[in-house]
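Structure first, then comments.
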Amino acid sequence: MSGSRRRKLFLLIPIVVVVALGVVASLRYQGLLFPVRIGSGSMSESYLGPHRRIECKDCGFAFRCGLDVDVPLQRATCPNCGFDRIDVTLATLHEGDRVLIDRWAYVRNAPQRGDVVAFVDPTHQSELAVKRIMGLPNEAVTICHGELFIDGTLHRKSLAEAMELATLVYDDTCRPADERQLPPRWSSDQPESGWRAITNGHHWSTPRSEESAYDWLMYRHWRCYTSPHPRAEESPVTDNDSYNQGLSRELHEVSDLILSFDLRFEVASKIALLVHDGRESFTAVISTTKRSLELRRGEEVLTLATLPNLQRSSNVPLQFGVVDQQLLVAIAGATLVRYEYTPLDQPRQPTSRPFGIAGAEGEFSVKNVRVHRDIYYLNPFRGDWAWNSTGPLADESYLLLGDNAPLSNDSRHWKTPGLHRNLFVGKVLGPLR
Ligand SMILES: [Zn+2]
């Protein structure tokens with residue numbers, strides 16, 4: 001937001017509020033609200049700055065490309081299929097998101113971790129900025145290998161918190177048009193597999209000859225960023241962000257990943273899910289007959305959970321993954337398993353095949369299969385080196401980070417990382433898309 005814009009904003013608050021209350025009351029009335037428009041991409045994809053909306057000509061995947069990177073961009077690369085002949089100049093231009101700022105949110109309640117706040121930027125005091133609270137007063141915060149540590153302990157997000165910050169890295173409902181000439185993203189290595197591709201998904205029924213107890217459909221990740229390599233070349237998931245097209249930087253391999261899909265079983269079925277955390281694999285075995293979910297590390301059963309009552313022939317949303325050294329499973333919108341574990345003491349080697357879905361009994365389909373990656377926090381100076389808040393944050397001071405770490409100017413760059421809550425203007429609500 002420009003200096004003149006902000007001065008206008010503050011001068012006009014009494015008037016704006018009167019007008020805004022009338023305009024926004026029907027949308028969401030919560031305290032004293034006023035609208036502003038986001039001016040940069042530092043909080044994308046939660047809150048978008050000015051951007052272009054692009055649809056891949058090959059797979060149909062829709063994505064946004066911010067205007068923050070100061071290079072004349074002609075072509076973009078699809079983050080879903082790697083198609084790199086997308087003419088950006090033809091894409092539609094859009095203004096930044098409109099959000100509401102609730103100035104009363106913190107009158108009675110203290111700001112919480114995860115809240116997005118508007119505040120007076122300590123580095124450009126004529127401007128308002130918007131960031132997310134990730135450190136609370138008196139906490140010492142460290143960023144290392146993409147993770148956040150609070151007082152030396154890894155900060156473990158809930159599944160809902162992780163999904164709020166996650167980036168979609170593959171949507172199986174958007175498959176390249178020349179799919180027959182490219183290796184499939186989800187496929188089975190078994191010659192007599194019971195898997196077959198269907199519209200927006202995959203169907204499994206018991207194969208004629210059963211070679212093993214589990215018939216695996218494996219996910220293969222492609223690079224999907226501008227590169228001289230073929231787009232179908234397998235690669236571990238990275239912290240690539242398609243919003244930052246044209247930004248040249250070091251990418252980091254990410255093994256905190258979440259798989260989501262809709263499960264539909266026609267008869268009692270047994271399904272297994274596999275995730276690889278960069279060091280080892282874990283499996284979740286779901287039995288609709290026993291109404292059980294068994295989480296395994298190799299042959300060891302880590303935990304057993306009871307499934308909710310699932311209806312046959314209905315689509316049941318399911319999420320499964322590994323985030324912040326914990327295994328997470330959610331079924332029908334509720335987290336069923338949140339299992340914290342200590343990773344193997346060996347170097348991380350993320351694989352290009354981090355997920356599998358297997359059929360063992362019955363008949364079922366999986367639709368709307370998507371792979372998401374967790375947010376990867378960065379040291380602003382040397383990507384993977386540790387950054388810390390140089391001691392605990394002061395009383396009433398908060399550590400503020402942008403969701404789009406490669407673009408964000410935030411606590412990591414300030415002389416004093418903590419920002420006193422007196423400089424908070426309010427809590428950000430929205431966006432109003
Ligand atoms: Zn594409």
Legend entry - Residue-averaged 222 nm ellipticity for the chain, from DSSP H runs of 4+ at -39500 (n - 2.57), nearest 500: -2000 deg cm²/dmol
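Going by the alpha-carbon gyration tensor, a ≥ b ≥ c the square roots of its eigenvalues, is region 136-295 rounded (a/c under 1.5) or, if a/c is not under 1.5, prolate (a/b greater than b/c) versus oblate?
On the way: a/c = 2.39, a/b = 1.35, b/c = 1.78.
In terms of gyration-tensor shape, oblate.
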Inset, instruction - At 0.36 nm per residue, minus the direct Cα-Cα distance, what do E363 and S193 gain on full extension? Give it in nm, one decimal, please. - result: 59.9 nm
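Hey, fewest Cβ within 10 Å first, where do C56, C78 land in order?
Ordered by Cβ neighbours within 10 Å, fewest first: C56, C78.
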Inset, instruction - List the aspartates and glutamates whose Cα lies under 18 Å from the Cα of K57, skipping any in the same chain that are fewer than 8 positions away. - result: D84, D87, D171, D172, D178, E179
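How would region 218-261 be classified by its alpha-carbon gyration tensor: rounded, prolate or oblate, with rounded meaning a/c under 1.5 and the a/b versus b/c comparison settling the rest?
On the way: a/c = 1.97, a/b = 1.33, b/c = 1.48.
Oblate, because a/c is 1.5 or more while a/b does not exceed b/c.
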Legend entry - For the chain, Cys with no neighbouring Cys Cβ under 4.7 Å: C65, C144, C224
Legend entry - K57, K270 arranged by Cβ crowding within 10 Å, fewest neighbours leading: K57, K270
Legend entry - Filter on K131/K415; K290/K367; K131/K157; K270/K367; K131/K367 - keep pairs with C-alpha separation over 28 Å: K131/K367
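If you place +1 on the Cβ of every Lys and Arg, -1 on the Cβ of every Asp and Glu, and leave all else neutral, what size is the dipole of region 23-168 about its Cα centre, to the nearest 20 Debye?
Rounded to the nearest 20 debye, it is 340 debye.
Counting other C-beta atoms within 10 Å, and keeping those with at most 14, which DSSP coil trypsin sites (Lys or Arg not before Pro) do you find in region 62-117? Intermediate values should be presented prior to the final figure.
Working: sites: R64, R75, R85, R98, R103, R108, R113; in loops: R85, R103, R113.
Within region 62-117, the qualifying trypsin sites (Lys or Arg not before Pro) (loop, at most 14 other Cβ atoms within 10 Å) are R85.
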Inset, instruction - Neighbouring Cβ atoms within 10 Å as the yardstick, rank D171, D151 fewest first. - result: D151, D171
Inset, instruction - Calculate, for H124 and T303, the FRET efficiency according to 1/(1 + (r/R0)^6) with r their C-beta to C-beta distance and R0 35 Å; round to the nearest 0.05. - result: 0.10
Inset, instruction - Report, in debye and to the nearest 20, how large the dipole of region 202-285 comes out about its Cα centre when Lys and Arg carry +1 and Asp and Glu carry -1 on their Cβ. - result: 220 debye
Inset, instruction - Taking the dipole about the Cα centre of the chain, with the C-beta of Lys and Arg at +1 and of Asp and Glu at -1, give me whichever of L168, Q325, A213 is farthest to the positive side. - result: L168
Legend entry - Calculated FRET value between V88 and H420, using beta carbons and R₀ = 45 Å, to 0.05: 0.65
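Bear in mind these aren't lab numbers, they're just calculated from the coordinates by the rules spelled out. These numbers come from a predicted model, not from an experiment. Quick reminder, even Gly has a Cβ in these numbers, built from the backbone with ideal geometry, and neighbours come from all protein chains shown.
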